[in-house]
Amino acid sequence: MKGEGIHWEDLDEDISVEHLLAGYPSMESQESLRRWLEARKEREVQEQHAPNSGEFSEALRLKLQEAAESGLSYIDINSGKLHRAVGGYPKPTPRMPICCAVMRKEMRSGDSILAQPPKGNGANLTIRYQLPRK
């Protein structure tokens, strides 16, 4: 069985089948385990977070401001990426309709929708915002 094992993606750990069956303890340090547990708790909190329109609006305005300060003449914002950045997507409490509504509300003359799902709200809504904002 030498060289055979499984990779546990969530832990980023390779586990030898031989050691697993023999009941050998993990070679991970306590510090490594502590960091992993803290990261896991943080992910759980983020996944349970249900963002509101104010949070989407703040995140969108920050992206627009950063792009303008970088000297860009426009920026393309995708609703799925914005929602992931704010949290709560893709599960368990997605607020995609709210995210899309905030993005549409921010549109000004010259902005354009580059992609959208058939029903209008979804993770592939992409809007090109002209910069700087007026």
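The values are calculated or read from the model by the stated rules, or taken from the named source; none is laboratory data. Here the structure is a predicted model, which means the values were calculated and not measured. For neighbour counting, all protein chains shown are included, and Cβ atoms are generated from backbone atoms with ideal geometry for every residue, glycine included.
Across region 60-103, what is the total count of residues that are touching a Cys at 6+ places or on another chain (Cβ under 9 Å) and surrounded by fewer than 19 Cβ atoms within 10 Å (Cβ to Cβ)? The total comes to 1.
Number of residues in region 1-26 that are modelled with pLDDT under 80 and out of contact with any strand residue (DSSP E or B) (no Cβ under 9 Å at 6 or more places or on another chain): the value is 5.
Looking at region 30-134, the strands (runs of 3 or more DSSP E) lying wholly inside it that each contain 1 or more residues that are in contact with a Phe, Trp or Tyr (Cβ under 6 Å, 6 or more places away or on another chain) and of a type in the set (D, E, K, R) sit at 126-130. Can you spot a residue in region 36-57 that is more than 18 Å from the chain's Cα centre (by Cα), among the aromatic types (Phe, Trp, Tyr) and surrounded by fewer than 14 Cβ atoms within 10 Å (Cβ to Cβ)? Within region 36-57, not a single residue is more than 18 Å from the chain's Cα centre (by Cα), among the aromatic types (Phe, Trp, Tyr) and surrounded by fewer than 14 Cβ atoms within 10 Å (Cβ to Cβ).
Residue by residue, here is whether (1) closer than 30 Å to Glu9 by Cα; (2) among the basic types (Lys, Arg); (3) modelled with pLDDT of 95 or more holds:
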| position | (1), (2), (3) |
| --- | --- |
| Ala50 | yes, no, no |
| Tyr89 | yes, no, no |
| Pro92 | yes, no, no |
| Ile113 | no, no, yes |
| Lys119 | no, yes, no |
| Leu125 | no, no, yes |
| Lys134 | no, yes, no |
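Test Ser79 against the criterion of being over 20 Å from Gly54 (Cα atoms), without any contact (Cβ under 8 Å) to a residue 60 or more places away in the chain and polar (S, T, N, Q), and give yes or no. No: the conditions fail for Ser79. Annotation: of all residues in region 112-132 being crowded, with 16+ Cβ neighbours inside 10 Å and either aliphatic (A, V, I, L, M) or without any contact (Cβ under 8 Å) to a residue 12 or more places away in the chain (or both), the one that is nearest to Arg84 (Cα to Cα) is Ala123.
Here Ala68 clears all of (1) in contact with a helix residue (DSSP H, G or I) (Cβ under 9 Å, 6 or more places away or on another chain); (2) not assigned by TED's automatic domain parsing to the domain that holds Glu9 except the condition numbered (1).
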